[in-house]
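For reference, the structure discussed in these notes is given below.
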Amino acid sequence: MKRIIILGAPGSGKGTQAQLLSKSLCIPFISAGEILRQEIKKNEKTRSYIKNTINQGKLVKSSFMIQLIKENIQKKNSFNGFILDGFPRTIEQAKSLKKYIAIEYAIYLNIEYKDIINRIEGRLIHKPSGRTYHSIFNPPKQHNVDDITGEILSKRKDDTKKIIKTRFEEYIKHTQPLIHWFQKEKKKIHYLEIEANQSINHIHKKIINHLNKKKKYK
Ligand code: ADP
Ligand code: AMP
């Protein structure tokens, strides 16, 4: 059983690593941001609240996010574990998750602000699936086209310099305290910090090594 959370600033590579791990470990990944973007499409009642909050670079209310994550953990085939990307993002969310389900691994991708800007400005997404690329660092096989479906890629509306500034401020205010919270939980949760300015594959290998190490000691 592998229940993994990936923490880090916006653009640190959480989604990219979650997708790779999901393939390697054959367990689903649950992306908080992606859940919200899908909600915008299908839920008329909450559409404008979510859209406005995301486009301001603010976090949506924790109580609202917690409910959506719980529903998704139940819905997905998470019997053999799961990877959470972008949740928890506040101490309130972490405490609520802890009450709900035990997490085994917390992976923290540590990145500097200057690297975030380059990442965010080049990010391309395949909207229907949430697959992520980067125009330079992780380009699709064919220019601006999704590798799997052949559909056109797009930019996220909140991936602008102005909004990323607020997103980063929100991260410093609400999410960074969570890193210390997880460090304190070290006895119960296998915590790993990785410098995020390494290649995608290198980081993936480091995470896999960390997950295998624990197995040996078991
Ligand atoms: P997050 O989910 O943390 O916001 P993403 O996984 O979407 O971050 O990554 C942000 C952007 O940076 C994407 O365009 C992605 O392709 C690219 N990226 C992710 N990891 C790396 C890396 N290790 N090196 C270079 N670019 C990366
Ligand atoms: P992401 O796709 O992870 O970059 O998230 C996009 C946006 O969704 C964030 O800037 C927030 O507005 C919102 N969001 C994602 N995850 C959370 C969360 N755990 N709590 C609150 N808001 C979130």
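The values are calculated or read from the model by the stated rules, or taken from the named source; none is laboratory data. Note that the structure is a prediction, hence the values are computed from the model and not measured. All Cβ positions, even for glycine, are placed from backbone atoms using ideal geometry, and neighbour counts span all protein chains on display. For accessibility, only protein heavy atoms count, side chains too; no ligands or nucleic acids. Shrake-Rupley method; radii C 1.70, N 1.55, O 1.52, S 1.80 Å.
At 1.4 Å probe radius, can you tell me the per residue accessible area of the chain in Å²?
Using a 1.4 Å probe on heavy atoms only, each residue of the chain averages 55 Å².
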Give me the percent of accessible area attributable to carbon and sulfur for region 43-113, probe 1.4 angstrom.
49
Return the sequence-ordered ³J(HN,Hα) values of region 3-13 in whole Hz as given by the Karplus equation 6.51 cos²θ - 1.76 cosθ + 1.60 applied to θ = phi - 60°, using x for Gly and Pro.
10, 10, 10, 10, 10, x, 5, x, x, 6, x
Taking springs between alpha-carbon atoms closer than 10 angstrom, which of Glu71, Glu104, Glu193 fluctuates most in the Gaussian network model of the chain?
Glu71
Taking amide H atoms as placed 1.01 Å from N in the peptide plane, list the residues 5 or more away in sequence, or in a different chain, whose amide H sits under 5 Å from that of Val145.
Leu153
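Contour minus end-to-end for Asn212 and Glu92, with contour as 0.36 nm per residue of separation and end-to-end as the Cα-Cα distance? If you can, show how the numbers build up before the last one.
On the way: separation 120, 0.36 × 120 = 43.20 nm, distance 3.01 nm.
That pair, Asn212 and Glu92, stretches by 40.2 nm at full extension.
Report the charge-dipole magnitude of region 59-218 in Debye, nearest 20, computed about the Cα centre from +1 at each Lys and Arg Cβ and -1 at each Asp and Glu Cβ.
Numbers: 33 positive and 17 negative charges, 127 e Å.
Charge dipole, region 59-218, about its Cα centre: 620 debye, nearest 20.
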Solvent exposure ordering (accessible area, 1.4 Å, most first) of His180, His126
His180, His126
Check which residues have an amide H placed less than 5 Å from Arg131's amide H, if you skip close sequence neighbours.
His126
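Can you compute the helix-only [θ] at 222 nm over the chain? Use -39500 (n - 2.57) per DSSP H run of at least 4 residues, normalise by all residues, nearest 500 deg cm²/dmol.
Working: 9 runs with 107 residues, N = 218.
Here the helix-only value at 222 nm equals -15000 deg cm²/dmol.
Among Lys14/Lys157; Lys23/Lys213; Lys2/Lys61; Lys98/Lys205, which pairs are too far apart, with a Cα-Cα distance over 22 Å? Intermediate values should be presented prior to the final figure.
Details: Lys14/Lys157 19 Å; Lys23/Lys213 19 Å; Lys2/Lys61 27 Å; Lys98/Lys205 27 Å.
Those over the limit are Lys2/Lys61; Lys98/Lys205.
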Once the principal axes of the Cα atoms of region 131-192 are found, what is the range along each, listed largest first in whole angstroms?
45, 30, 18
Quick calc of log₁₀ I(q)/I(0), the chain, Debye, one scatterer on every Cα, no solvent, q values 0.09, 0.11 1/Å, result -0.34, -0.51
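Under the rule a/c < 1.5 gives rounded, and otherwise a/b versus b/c splits prolate from oblate, where does region 174-216 land using the Cα gyration tensor? Intermediate results must be reported in sequence, preceding the final value.
Working: a/c = 4.05, a/b = 1.23, b/c = 3.28.
Judged from the Cα gyration tensor, region 174-216 comes out oblate (a/c at least 1.5, b/c at or above a/b).
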GNM, the chain, Cα, under 10 Å: largest mean-square fluctuation among Ile107, Ile83, Ile208?
Ile208
Under 10 Å, Cα contacts only: if you run a Gaussian network model on the chain, which one of Lys14, Lys165, Lys61 comes out with the highest mean-square fluctuation?
Lys61
Hey, can you grab everything whose amide H is under 5 Å from the amide H of Ser31? Only 5+ residues off in sequence or another chain; H modelled, so Pro and N-termini drop out.
Asp85
Hey, what do the phi angles of region 133-148 turn into as Karplus ³J(HN,Hα) couplings, whole Hz, using 6.51/-1.76/1.60 and θ = phi - 60°, x for Gly and Pro?
9, 9, 4, 10, 7, 8, x, x, 4, 10, 3, 6, 10, 5, 4, 8
Label 7 Å along Cα→Cβ of Arg47; region 55-79 residues with amide nitrogen under 17 Å?
55
Using the Karplus curve 6.51 cos²θ - 1.76 cosθ + 1.60 with θ = phi - 60°, what ³J(HN,Hα) values do you get for each residue of region 59-66, in whole Hz, with x for Gly and Pro?
8, 6, 4, 4, 4, 5, 5, 4
Leaving out ligands, DNA and RNA, and with a 1.4 Å probe, what % of the accessible surface on region 149-200 is carbon or sulfur?
55
